[in-house]
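Notes follow the structure.
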Amino acid sequence: MENILNKAESSHSLTKEHIISLLSTSEFDNTIFNIANNVRKKYIGDKIHLRGLIEFSNICPNTCFYCGLRGENTSIKRFTLSKDLIIKSAKNAAKYGYKTIVLQSGESKVISDEELCSIISEIKKLDMAITLSIGEKTEEEYKSYKEAGADRFLLRIETTDKELYKKYHPKMNFENRVNCLKILKQLGYEVGTGCLVGLPEQTVKSLADDILFFKEIGADMVGLGPFIPCPHTPLENTGIKNHFVLALKVMAITRILLPDINIPATTAMESLQKGGAFLALNSGANVIMPNVSLYEERENYQIYPNKFIASNDVKTYRENLETELAKIGRFVSKDKGFRAENK
Ligand code: 5AD
C-alpha cells in the first residue's frame, strides 16, 4: 500500500478498491496526509486563499436530516441580511485584503434575483471574485447570476449514496442536484462540491464513490466536513463517534487525486477539533473561509452545534490569522485564487 500511495503522488490516480482500503485502516494515515501535503505544495505552493463568507439568510424550505437550518426546525431565529449590510460587510472585507466573497444562504428565495444580481455587481466593483452558495436553482437563474458577475458556485452533493441521499433529503432529488452541478460547469462557473463524512449508515465504499464523483464531475473546489449531530434534527442522537480523522483522510485523498483544485479547511473540522483547520492545511487544504459578516446574529446560523465562530472583529481575526499561518510556513495570497491560476 505504501508503494501504491507513492505512485499516486505523481500519477494522481487510485482505484476505488484502493481508496476503500485506505479509508478502512488507520495504518497509512500519516503517509496519506504527508503525500497530500506534498501534492498541495507542488501544485499550489504555500499561499492560502481567504474567502470571506457572508451567511446572508438562514431561511430554508428543505428538511435535510442533519442540518440545523432545516425548515422544520422552529427553535432557531430566522434572519435575512439587508442588501446594505451585505455590501458593507463585503467592503469591510475588501479593506482587509479579502479577494473573494462567498454569499451563502438556505435555499429559500429570500431576495429576488434582481436584488441578488445587483448585490453581485456592487461587490464586483470592489475587484473581488464572487462565489455563490445558495442551492438548487434553474438554468436561467444560474445564468443571470453569472451574467451579473458571479464567478464560482458551491453545491455539495452531500453523499453519492442514492439510497442515503433519498433518506436524508426527503424533499430533494439526487439527479436534479447532479444536473445543477453540470449546468453550473457548462455556464463557466468554477464549481465546488463535497460531502459530509460520517453520516449514520454511510459506508467507506460510498465515500470512495464520493471522491471519484468529485473527479468525474470536474470539481474545481471540494469542501469536506465531518458530520456533527445537531439538536432539533432527526439525526440529533446519532453518531457518538468523532469523524474528524476520517473527514481529514477523505480530504487528503481528494487532494492526491485532484492536485490543483482549491480545498478549504472547513469550519466543521475546526468545530470538531480545536486546531483542526491547521491540521487540514497540513494535509492538503489551501483555503480558509472566515466569516466576514458585520452582524451580531451569527449564532443563528447553527448548521450544527458548537460551530466555530471566528471573532466578530474582521480586522483582529485577519491579523491573528496571518501570524498563525506564518508559524506553519504559509501566507495569505494576494490574488483571487481561481483554480486556473493554480495550473
Ligand atoms: N454537520 C456537519 N456539516 C453539516 N452541514 C449541514 N449540516 C451539517 C452537520 N450537522 C454541511 C452541509 C452543507 C454545508 C453548508 O454544511 O454539507 O452543504
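Here are the numbers:
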{"read-out": "Cysteines not pairable in the chain (beta carbon separation under 4.7 Å absent)", "value": "Cys60, Cys117, Cys180, Cys195, Cys230"}
{"read-out": "Mean separation of Cα contacts under 8 Å (6+ apart) over length of the range 1-99, as relative contact order %", "value": "23 percent"}
{"read-out": "Largest-first ellipsoid semi-axes for the chain, taking √(5λ) over the Cα gyration tensor eigenvalues, angstrom", "value": "29, 24, 20"}
{"read-out": "Mean-position separation - Cα centroids, the range 111-130 and the range 160-189, in angstrom", "value": "25 Å"}
{"read-out": "Computed Kirkwood radius, in angstrom, where 1/r is averaged over Cα pairs of the range 64-206", "value": "16.5 Å"}
{"read-out": "Relative contact order (%) - criterion: Cα under 8 Å, at least six apart; region: the chain", "value": "25 percent"}
{"read-out": "Cβ-based net charge around Gly225, under 10 Å, with every Lys or Arg adding one and every Asp or Glu removing one", "value": "0"}
{"read-out": "Unit charges at the beta carbon, dipole of the range 194-252: most positive-side option, Val245, Cys195, Pro229", "value": "Val245"}
{"read-out": "Cα centroid separation - the range 193-224 against the range 1-56, whole Å", "value": "14 Å"}
{"read-out": "Residue exposure sequence - Asp313, Asp220 - by fewest surrounding Cβ within 10 Å", "value": "Asp313, Asp220"}
{"read-out": "MRE, 222 nm, helices only [DSSP H, n ≥ 4, -39500 (n - 2.57), over the chain, to nearest 500]", "value": "-13000 deg cm²/dmol"}
{"read-out": "Signed unit charges on C-beta, dipole axis of the chain, positive-most listed residue Leu184, Ser82, Met289", "value": "Met289"}
{"read-out": "Sorted by Cβ density within 10 Å, fewest first, the residues Ser21, Ser133, Ser11, Ser121", "value": "Ser11, Ser121, Ser21, Ser133"}
{"read-out": "Helical segments meeting 15 Å axial Cα length and Kyte-Doolittle 1.6 threshold in the chain (DSSP H)", "value": "244-257"}
{"read-out": "Set of lysines with alpha-carbon distance to Lys146 below 20 Å, sequence-local pairs under 8 removed", "value": "Lys83, Lys99, Lys109, Lys124, Lys125, Lys137, Lys182, Lys185, Lys336"}
{"read-out": "Electrostatic dipole magnitude of the chain [Cβ: Lys, Arg +1; Asp, Glu -1; Cα centre; debye, to 20]", "value": "520 debye"}
{"read-out": "Sequence of Met172, Met221 once ranked by neighbouring C-beta atoms within 10 Å, starting from the fewest", "value": "Met172, Met221"}
{"read-out": "Assigned charges on the beta-carbon of Lys, Arg, Asp, Glu; the range 66-172 dipole about Cα centre (debye)", "value": "420 debye"}
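Each reported figure results from applying straightforward, stated rules to the coordinates on display, with no laboratory input. Source: prediction; values computed, not measured. Virtual Cβ from ideal backbone geometry, glycine too; neighbours counted across all protein chains shown.
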